[in-house]
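Novice: Please find one structure pasted underneath; my questions will follow.
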Amino acid sequence: MTTRPARSAARRPFMEKDCGDVPPPGALLIWRDSRHYLHEDSGPCVLCRKPAHLRSHAGETVHKACAEIWLTAHPLEARLGRFVSDA
């Protein structure tokens, strides 16, 4: 019987405890966790539709810069936590 290898940190989904606060408009997101980087596949950014290799805590493929611009442009919607910093 073979054992299944443990999931690497890059493949584990984000949990609520991994999510920090929504930064104020104009502030930078802190995405230091390696799980933000898509190691094997990429997809279009949900905001600009260009290829992106990052994902948000919610699993959306997005450029960090696009997410920061969106947070500044949508301060009321940002409170709902679409894009947050690492805890």
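The values are calculated or read from the model by the stated rules, or taken from the named source; none is laboratory data. Since the model is a prediction, treat every value here as computed from it, not as a measurement. Quick reminder, even Gly has a Cβ in these numbers, built from the backbone with ideal geometry, and neighbours come from all protein chains shown.
Conditions (1) touching a strand residue (DSSP E or B) at 6+ places or on another chain (Cβ under 8 Å); (2) modelled with pLDDT of 65 or more; (3) under 16 Å from ALA87 (Cβ atoms), marked per residue:
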site: THR3; (1), (2), (3): no, no, no
site: ARG12; (1), (2), (3): no, yes, yes
site: MET15; (1), (2), (3): no, yes, yes
site: LEU38; (1), (2), (3): yes, yes, no
site: VAL46; (1), (2), (3): yes, yes, no
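Novice: Right, here's the next one. At pLDDT 85 or above, on the phi > 0 side of the Ramachandran plot, surrounded by fewer than 11 Cβ atoms within 10 Å (Cβ to Cβ) and not basic (Lys, Arg) - does that describe any residue in region 24-32? Steps first, please.
Specialist: So the first thing to find is which residues in region 24-32 are at pLDDT 85 or above, and the list is 28-32.
Then drop every residue that is not on the phi > 0 side of the Ramachandran plot, which leaves none.
No, every residue in region 24-32 fails to be at pLDDT 85 or above, on the phi > 0 side of the Ramachandran plot, surrounded by fewer than 11 Cβ atoms within 10 Å (Cβ to Cβ) and not basic (Lys, Arg).
Novice: Given the conditions (1) within 11 Å of the chain's Cα centre (by Cα); (2) at pLDDT 85 or above, which single one is not true for PRO75?
Specialist: Only one criterion is unmet by PRO75, namely (1).
Quick grid of which residues meet (1) touching a residue at least 60 places away in the same chain (Cβ under 8 Å); (2) not in a helix (DSSP H, G or I); (3) not aromatic (Phe, Trp, Tyr):
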{"position": "HIS57", "(1), (2), (3)": "no, yes, yes"}
{"position": "GLU68", "(1), (2), (3)": "no, no, yes"}
{"position": "LEU71", "(1), (2), (3)": "no, no, yes"}
{"position": "PHE83", "(1), (2), (3)": "yes, yes, no"}
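Novice: Just one of CYS66, CYS19 is out of contact with any Phe, Trp or Tyr (no Cβ under 8 Å at 6 or more places or on another chain) and modelled with pLDDT of 90 or more; which is it?
Specialist: Details: CYS19 fails: modelled with pLDDT of 90 or more.
CYS66 is the lone residue from the list that is out of contact with any Phe, Trp or Tyr (no Cβ under 8 Å at 6 or more places or on another chain) and modelled with pLDDT of 90 or more.
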